[in-house]
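Asks: First the structure, which I've put down as structure tokens, then a few questions once you've had a look.
The values are calculated or read from the model by the stated rules, or taken from the named source; none is laboratory data. Just so it is clear, the model here is predicted, and its values are computed rather than measured. Cβ placement follows ideal geometry from the backbone for every residue including glycine, while neighbour counts extend to all protein chains displayed. Please note that ligands, DNA and RNA were not included when accessible areas were found on the heavy atoms of the full protein model with its side chains. Shrake-Rupley method; radii C 1.70, N 1.55, O 1.52, S 1.80 Å.
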Amino acid sequence: MAVTDTLKKAFLALEKAEKKIAQLETAHREPIAIIGMACRFPGGANNPEKYWNILKNGIDTITEVPVSRGDWDSYYDPDQTAEGKMYTT
């Protein structure tokens, strides 16, 4: 087989592969429809508008974990290397 025949076959195979790749990439670009959304974020953001307002305005909503959610003090240790503990509150 001549070198030109081998190159031609390689070129055609590459061309076919490129078409297949383009076809597969296009198939994954279907639009997404959001049909419902619920929110429960810190800072009282219980709907998308309130959440967007917090993000847009850079509002800091970080607080300590409420006591009603458990005894978090038993998990705290300021020593970052303490096993089974967290060093943030």
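Asks: Below 8 Å between Cα atoms, with a sequence gap of 6+, how large is the relative contact order for the chain in percent?
Replies: It rounds to 12 percent for the chain.
Asks: Hey, quick one: spin label on Met37, modelled 7 Å out along Cα-Cβ, who in region 53-73 has an amide N within reach, i.e. under 20 Å?
Replies: 53-61
Asks: Using the heavy atoms of the protein chains and a 1.4 angstrom probe, tell me the accessible area per residue for the chain in square angstrom.
Replies: Accessible area per residue: 95 Å².
Asks: What percentage of all Cα-Cα pairs in the chain are separated by more than 18 Å?
Replies: Taking all Cα-Cα pairs of the chain, the fraction more than 18 Å apart is 74 percent.
Asks: For the pair His28 and Lys56, how long in nm is the line joining their label points, each one 7 Å along Cα→Cβ?
Replies: Placing both labels 7 Å beyond Cα along the Cβ direction yields 3.3 nm.
Asks: Mind listing which trypsin sites (Lys or Arg not before Pro) in region 1-56 are in a DSSP loop and have 12 or fewer other Cβ atoms within 10 Å?
Replies: Those that pass, being in a loop and sparsely packed, are Arg29, Arg40.
Asks: Ignoring any ligand, DNA or RNA, what whole percent of the accessible area of the chain comes from carbon and sulfur when the probe is 1.4 angstrom?
Replies: 58 percent
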